[in-house]
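See below for the structure under consideration.
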Amino acid sequence: MSATETPKREELFTIGAVCDRLKPEFPDVSISKIRYLEGEGLVTPQRTQGGYRLFSEEDVDRLETILRLQRDEFLPLRVIREELASPTSPERRRKKERTLGDSEGELDLADLCDRAGIDSKLARELEDFGLLQPRVAGGERYYTETDADIAATCGQLARYGIAPRHLRTFRTSADREAGLLEALIAPALRSRNPQRKKQGTDDLQTLGELAQDLSQRLFWRDLHRLVS
């Protein structure tokens with residue numbers, strides 16, 4: 001992308017627009033129902049600094065999955081939550097397909113702050129500590145959609161008094177894990193053979209998911225020990 005190109009943005013939807021999209025298949029859905037599912041932790045839309053909900057295409061897909069499981073299989077929300085967390089769930093599979101190799105839209109600083117619900121001061125701090133990694137072109141900074149997701153999570157942590165400087169350990173840990181996988185897969189990713197390169201990408205996707213799963217399980221085991 002050249003410095004003069006307009007950054008591509010991920011399309012986001014208001015709660016009313018999401019409700020309108022769902023109604024053809026789910027006539028009984030309402031704004032209150034979507035808010036209820038959010039309150040139950042089944043969907044987590046982004047928030048603007050003004051507090052307005054903004055849903056991504058992935059959020060809409062997730063809501064469709066939840067509503068189908070309720071309608072077609074009569075599952076309670078507790079079971080639906082477990083189903084969505086399963087690595088084999090349709091929703092999780094769709095999410096995985098979008099990960100490696102997919103292009104991401106870019107945002108300027110103002111859009112990043114609006115999407116993540118943070119101010120520019122916090123965004124700069126996150127950048128200073130390596131949690132955000134913008135592309136600089138023509139004196140302007142451009143952030144990926146992943147940066148916006150990271151910033152939103154950091155913003156929520158900040159409300160608990162966790163400052164960007166405290167989050168360096170997460171960045172360091174992620175760098176170490178990525179470095180390990182890179183050492184294993186790098187030869188395939190650098191191959192001029194398209195088939196071998198694609199296999200390397202697929203293997204990296206699988207290894208990344210397994211490494212993330214292991215990291216989460218170890219983390220939650222330690223937290224469980226704190227309350228046992």
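Kirkwood hydrodynamic radius of the chain from all distinct Cα pairs, in Å? After inverting the pairwise mean of 1/r, the radius is 20.0 Å.
Each peptide in 156-165, 125-134 receives the mean, over its residues, of other Cβ atoms within 10 Å, and ordering these scores from highest gives 125-134, 156-165.
Heavy-atom accessible area with a 1.4 Å probe sorts SER228, SER30, largest first, into SER228, SER30.
Across segment 69-81, computed HN-Hα scalar couplings (Karplus, 6.51 cos²θ - 1.76 cosθ + 1.60, θ = phi - 60°) run 5, 5, 6, 8, 10, 6, 7, x, 4, 4, 6, 4, 4 Hz from first to last residue, x flagging Gly and Pro. Extension gain for TYR160-ASN193 works out to 7.0 nm (0.36 nm per residue, less the C-alpha to C-alpha distance). Normalising by residue count, segment 127-211 has a Cα convex hull of 129 Å³ per residue.
When shorter helices are ignored and each DSSP H run of at least 4 residues is given -39500 (n - 2.57), the per-residue value for the chain at 222 nm works out to -19500 deg cm²/dmol.
Here's the picture: charge each Lys and Arg Cβ at +1 and each Asp and Glu Cβ at -1 in the chain, and of GLN156, LEU77, ALA178 the one pushed furthest to the positive end of that dipole is ALA178. Protection proxy ranking, highest mean first, for peptides 43-50, 110-117: 110-117, 43-50, where packing is the per-residue count of other beta-carbon atoms within 10 Å, averaged.
Expressed in whole Å with the largest first, what are the equivalent ellipsoid semi-axes of segment 18-89 derived from the C-alpha gyration tensor as the square root of 5 times each eigenvalue? Walk me through the numbers on the way to the answer.
On the way: eigenvalues 80, 46, 23 Å².
One finds semi-axes of 20, 15, 11 Å for segment 18-89.
Between the beta carbons of LEU226 and ASP175, assuming R0 = 41 Å, the FRET efficiency works out to 0.95 to the nearest 0.05.
The values are calculated or read from the model by the stated rules, or taken from the named source; none is laboratory data. Computed from a predicted model, the values in this text were never measured in an experiment. Please note: Cβ atoms are built from the backbone with ideal geometry, for glycine as well, and neighbour counts cover all protein chains shown. The protein model used for the area step is the full one, side chains on, heavy atoms only, and it has no ligands, DNA or RNA in it. Shrake-Rupley method; radii C 1.70, N 1.55, O 1.52, S 1.80 Å.
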